[in-house]
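A short worksheet on the structure shown next.
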Amino acid sequence: MIIKPRGTSDILPADSPLWQKVESAARETAELFGYGEIRFPTFESTELFQRGVGSTTDVVQKEMYTFADKDGRSMTLRPEGTACVVRSIIENGLCGDAMPLKLYYFTSCFRYEKPAAGRYREFYQFGTELFGADTPSSDASVIALAYTFLQKLGIKDVKLKINSIGCKNCRPAYRQALIEYFSGYEAQLCDTCRQRLQTNPMRILDCKSPECQKIAAGAPKVTDHLCDECRAHLSELTSLLDGMGIAYELDPGIVRGLDYYTKTVFEFIAPVDVDKKTGEKKELAICAGGRYDGLVEEIGGPSLPGIGFAAGMDRLVAAIRLSEQELPAKAKPAVYFAALGARAAAESNKLAYRLRQEGIYAECDIVGRSLKAQMKYADKIGAKYTVIIGDNELDRQSAVLKNMEDGAQLEVSFEELYKILSERG
């Protein structure tokens, strides 16, 4: 038997309504805030992610699915969406549009990571990107969009954590402070973090190794090294969030995993899993993002500030399941046509098609079941009504309409039937 690749998942019809709920809430919220949808390729030139995501990141060094096409060009399955959006707006000339430019997308991403709870090798994201504004107000509006979206989903126990990781003016001094601090613990760091020490020491703060986390807890705080501009930006952002009533926690430990971030970074945390041994809920980031003011320029476009976020749809679905709310279910048919004989089956198909044209969900037998089996099937799929048609009913141009909830039934003409189902369907 051929099985799916490790770290991937099948989304089955029983699960689809919940995914559709997430997608609908995302689309409604993004458009409420004035965003338009963008779509982009599944694979891009490898150079895009090397330049955009950062050559020293784990994503580029270890996790990308990269291959050579038939012309020998290096291509990569997208590991994230922001670099793709930036490439698209540059290539299609959107940088010259009226600003701010607001875009949203749904995408699958691919990273070769060790699968775990809430972590997959193919995962799905809802993302937003805002270009052309570098003000704290633009940061606040993006965070408010994410907050509104999560509220709409009814996810419980959501926490917002924010931080500033500085800019090109104050980051060098902080980088040097980290190098000096972590050099004293170099022998205790994991192999990956020893490599990061000289190339990208801020990534050590994001390491998942317990020993590295313990060491990182005492590292210099980025907020102690911010320049006046970055400190004022963060202060105004928190003031705006206070004014909107959006609760947050300042967390100097948030640095994000991609090189393009600058100034504001944030994460929304929520329970997504339960420890089977302890019963404790496991919290993970369900939505995260930040500002990337130099990314468009890095990829070859004009100087254009940007900010955005990505919400992990796999994790959102898991968080909703833990939120003790009624979950959406697959739609049930308003009516099932149970036919006895070939003539009745043909008429059933015709009536079902007519109702579907009016937007009413109707089903009929297409596998040749007996009448008894058809009635059982109608009950199994939760049909609200069953319409029974045989030769006698055909001769009278009528059918037996049965209410599946209370068992009441009556004979009605086809035209009356259509009217009744149109009104009640």
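The values are calculated or read from the model by the stated rules, or taken from the named source; none is laboratory data. What you are looking at is a predicted structure, and each value in this text was computed from that prediction instead of being measured. For neighbour counting, all protein chains shown are included, and Cβ atoms are generated from backbone atoms with ideal geometry for every residue, glycine included.
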Cβ pairs under 7 Å, 6+ apart or interchain, first in the range 4-18 and in contact (Cβ under 8 Å) with a residue 24 or more places away in the chain, second acidic (Asp, Glu) and not in a loop (DSSP other than H, G, I, E, B), ordered by first then second residue, are GLY7/GLU122; THR8/GLU122
Breaking point among (1) in contact with a Phe, Trp or Tyr (Cβ under 7 Å, 6 or more places away or on another chain); (2) outside the structural domain of GLU283 (by TED's automatic domain parsing); (3) part of a helix (DSSP H, G or I), for ASP314
(2)
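Being among the small types (Gly, Ala, Ser) and assigned by TED's automatic domain parsing to the domain that holds TYR292, is that true of even one residue in the range 187-205? Quick ask: steps written out before the conclusion?
Within the range 187-205, the first condition is being among the small types (Gly, Ala, Ser), and the residues that meet it are 187.
Filter once more, so that each one left must be assigned by TED's automatic domain parsing to the domain that holds TYR292: none.
No, because not a single residue in the range 187-205 is among the small types (Gly, Ala, Ser) and assigned by TED's automatic domain parsing to the domain that holds TYR292.
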CYS287 versus (1) within 30 Å of ASP273 (Cα to Cα); (2) assigned to a loop (DSSP other than H, G, I, E, B); (3) not hydroxyl-bearing (Ser, Thr, Tyr): which is the lone unmet condition?
(2)
Residue match in the range 146-156 (condition: closer than 30 Å to GLU280 by Cβ, modelled with pLDDT under 95, not in a helix (DSSP H, G or I) and not β-branched (Val, Ile, Thr))
yes
Candidate set: the range 50-69, residues that are within 20 Å of the chain's Cα centre (by Cα) and crowded, with 19+ Cβ neighbours inside 10 Å; chosen: the one farthest from VAL296 (Cα to Cα)
MET64
Are there any pairs with C-beta distances below 9 angstrom linking a residue in the range 314-332 that is free of Cβ contacts under 8 Å to residues at least 60 places away in the same chain to a residue that is surrounded by 20 or more Cβ atoms within 10 Å (Cβ to Cβ), with the two at least 6 apart or on different chains, and if so which?
LYS332/ALA383
Selection over the range 151-170 where residues are more than 30 Å from GLU326 (Cα to Cα) and either free of Cβ contacts under 8 Å to residues at least 12 places away in the same chain or buried (at least 20 other Cβ atoms within 10 Å of the Cβ) (or both) yields a count of 6
Those residues that are assigned to a helix (DSSP H, G or I) and loosely packed, with under 14 Cβ neighbours inside 10 Å, I need them from the range 364-418; list them, please.
LYS372, ALA373, LYS376, ASP379, LYS380, ASP391, ASN392, ASP395, GLU415
